[in-house]
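To start, the structure itself, in structure tokens.
The values are calculated or read from the model by the stated rules, or taken from the named source; none is laboratory data. Remember, it's a predicted structure, so these values are computed and weren't measured experimentally. When we count neighbours, we look across all protein chains shown, and the Cβ atoms used for this are built from the backbone with ideal geometry, even at glycine. Accessible surface is based on the protein model in full, side chains and every heavy atom, while ligands, DNA and RNA are left aside. Shrake-Rupley method; radii C 1.70, N 1.55, O 1.52, S 1.80 Å.
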Amino acid sequence: LSGLRGLGLAVLALCCLSAVAGESAASLEFVLGESIEGQSPGTSAAWQPFAAGQSLGFQDAPAWLRLPPKPDALGQGSRYLLVKPRHLGDVQVFTMDNPTVPLLEAGTMRPATDSAVGYGYTVLLSEAEVASGVLVRVQSDTILQPSVELLTPHDLLRENFRFNLSFGLAFSATLFFLFWALATAISTPSTLLVVWVARLVVYLATLFVHLGLVHPWLDGETLPSQATVHVFFALGFITLAQFFDYLLLRELWLGRLRWVFLAVVSTFAVAKPLAWWLEGASAALQLNNHSIVATLLLGLVLVPLARPARLSAFRLTRFGVGGYFLIQAVPIVALIFAGAIYAAGFGRILELAFINYSIVPAGYITFLLFRRQRLIASERAAYEKAAQQRDLQLAAEQEKRKEVGDLLDMLVHEVRTPLATLRMAAQVNRLSPDLVQRVITRINDAVGQAYRADELEQGQTEPSAVRLELRPLLEACAGDQDIELVIRGEAPPVMANSNVLRIVLTNLFSNASKYRSGNTSVIAELGSTESRALLVISNRAAREVPVNPSRLFDKYYRGPEAVGTRGTGLGLYIVRRLCEQMQGEVSLQVDEHWVRVTLKLPRADSVAQGWHW
Amino acid sequence: VTTVAIIEDDDELRELTRQFLCAEGFHAVGVASAEELSEVAVLPSLYIVDLNLPGTDGYTLIRRLREVCPTAGVVVFSARDRTVDVTRGYEVGADIYLTKPVDPTICWRRSNAWSKNGWARRLRHCAAWRAQPGGSSLTGRCPCA
């Protein structure tokens, strides 16, 4: 927070310099008091120099401002007299020659009058009127800081341009903040955001009232007068802003200290209408100004005492909230200084403060909310990503469980069915050593296949491949299965692991043996392509059955062709997985009554030396 | 004599079961799959079904049997004895669920008990079919007959 203090002091010094460096208008003089009965204020001896925009504080009595006669104005054309600000309660303009008949009567306590500008009151003075000198009587419940200027039409246009620019900036910026906050409040509602939206809406209304844009409709009869509405919005906006400040402080971890702030804000919120009712608008507005200073300074004291709130939805830091209070407090403090010394730049600073009190904090708060939204968006994206990962993990887990369930089903079936056979055989006195041996073999085969499938699932493979001749391996495997094998053609040596290839061939011959017609021979045809050795194992099918080749290699799949034969549904699945591991391929075709399984394995002569799979 | 169809893909078990039931006085026929059941010449009144059949599985077979033979008896012979399997077996229409390895005596007692009540059950079903709203105007035979 030390950096923040330094920044605050620098801005404060800048504002004070700006205030005291305001242009002086030595030609303008003022005197306080009602129109001196029986004598013209133009002849009063109490005139004092007055700088344009100088603050006279809260005054019950009116102030008289005098533009001394200008004989040299003759021949220079007419001039516009511009009296600012718009929220002065009563404005009257006289010539010094005739201080009883006003040239202009305007102000918030009077009906709306035509004016060349929106932020003040104008009257067109002739050369003679300018030359004779001008008297301006102003009175207001608000702080009295009148500005009286004589402008050429060109100067007036330039003033208008500056006003339109600053008003357009304030209006469009606030509108932008409002729409953004509204969208955010709708998407992620919270008390802070709702009050923020309300504050921006009330600020816009206050801006319109402050500049007299609604003055023509406020006649003081069917609707309240401009003065009443102006005071109401001045009090209302500041009170709402202070409650918003409390909600902002609540985002920090202040403990019971935040109740102190709320108590101060609430006290002012009650006291201001009471003061308006009992003492009048001037007292209420003075209290309003005091409340601004009090709450901003209290906020600046409380923020360093706070701890960062870990659970805050907005993730506001002490630096952020402290900065918010500082950028509002500094111009106010500067105003106090400037007001105390009646500096010429008071009015300018006040205008700056008015804009600053709304636009700069608004921009800052919008930035904080934007940062929070971005944080929420990134967190949401992270959560969604994590959720997707969890879904994937869950799906994988469920798939794994299903695999285990399928494996268990297969094993239970392949164990209990032979046991049922044994039990039934014993009941009908058909139990024989051969039957017992078949049952043992069947159970053993099922368990072996399950282990083999599990090894494949876990990625356990034989470590290396060697150069192998297919023909001797075919003959050996066919002999194990006790089938008559006819080998045709020749194939080059393949690069494979002998144990793995033996498992593949054993499974294929086992299938051929189970599904062949009678004791017909199984045919193995050898061949080759440029990079592969080909092996086609064919057998004549026992019967014509519909075959779905795309599903035959699925785990546990036993199609209609498996009717009447035993099996785990794992054989062709194991063959496919092992062939893939050997960089080979396997496919199955059914042609009339013939079933052909085609194996494509890498040729040893086309595989680089030292290659492992 | 009650005709029993044994739908079991294991040749040895099917044949041994058939022999056992024949010895106990049933007229038993064995088929290896649901698809082969249509080849049985006599309409069985009791079916012994293995759930783990190649092709059409046992659950589907029982559901179809229940549609065409509402009063036929269905006994499940299955290696699966998870609660979910047994529950599903009864849901699709099984009357009795036996887990392999089945005690042949139990198998015989259950089949015999069902057989004794079979005709009474069928008569009740046919009477209920005729008594349903508009049943008197129905022509033809009860689906179970």
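Brief remarks follow.
- Qualifying residue in region A:393-406 (condition: out of contact with any strand residue (DSSP E or B) (no Cβ under 8 Å at 6 or more places or on another chain), in a helix (DSSP H, G or I) and within 9 Å of chain B (Cβ to nearest Cβ)): yes
- Taken together, the residues in region B:86-107 that are charged (D, E, K, R) and more than 9 Å from chain A (Cβ to nearest Cβ) amount to 3.
- Test: B:Glu15 is of a type in the set (Asp, Glu), on the phi < 0 side of the Ramachandran plot and more than 14 Å from chain A (Cβ to nearest Cβ): no
- Unmet criterion (only one of (1) away from chain B (no Cβ under 14 Å); (2) open to solvent by 50 Å² or more (accessible area, probe 1.4 Å); (3) of a type in the set (Phe, Trp, Tyr)) for A:Tyr515: (1)
- Residue in region A:469-487 that is crowded, with 19+ Cβ neighbours inside 10 Å, at negative phi and in a strand (DSSP E or B) present: no
- Residues considered: B:Ala72, B:Ala79, B:Ala23. Of these, the only one that is open to solvent by less than 40 Å² (accessible area, probe 1.4 Å), within 11 Å of another protein chain (Cβ to nearest Cβ) and either on the phi < 0 side of the Ramachandran plot or not aromatic (Phe, Trp, Tyr) (or both) is B:Ala79.
- Members of region B:27-44 that are crowded, with 22+ Cβ neighbours inside 10 Å and away from chain A (no Cβ under 13 Å): B:Pro44
- Counted residues, region A:423-435 - those being open to solvent by 40 Å² or more (accessible area, probe 1.4 Å), part of a helix (DSSP H, G or I) and facing chain B (nearest Cβ under 8 Å): 2
- Taken over region A:252-281, the residue count meeting the criterion of being assigned to a helix (DSSP H, G or I) and open to solvent by 20 Å² or more (accessible area, probe 1.4 Å) is 18.
- Qualifying positions in region A:216-232 - assigned to a helix (DSSP H, G or I) and closer than 25 Å to A:Leu287 by Cβ: A:Gln226, A:Ala227, A:Thr228, A:Val229, A:His230, A:Val231, A:Phe232
- Any chance B:Pro104 is out of contact with any strand residue (DSSP E or B) (no Cβ under 9 Å at 6 or more places or on another chain), open to solvent by 30 Å² or more (accessible area, probe 1.4 Å), over 19 Å from A:Asp409 (Cα atoms) and of a type outside the set (Gly, Ala, Ser): no
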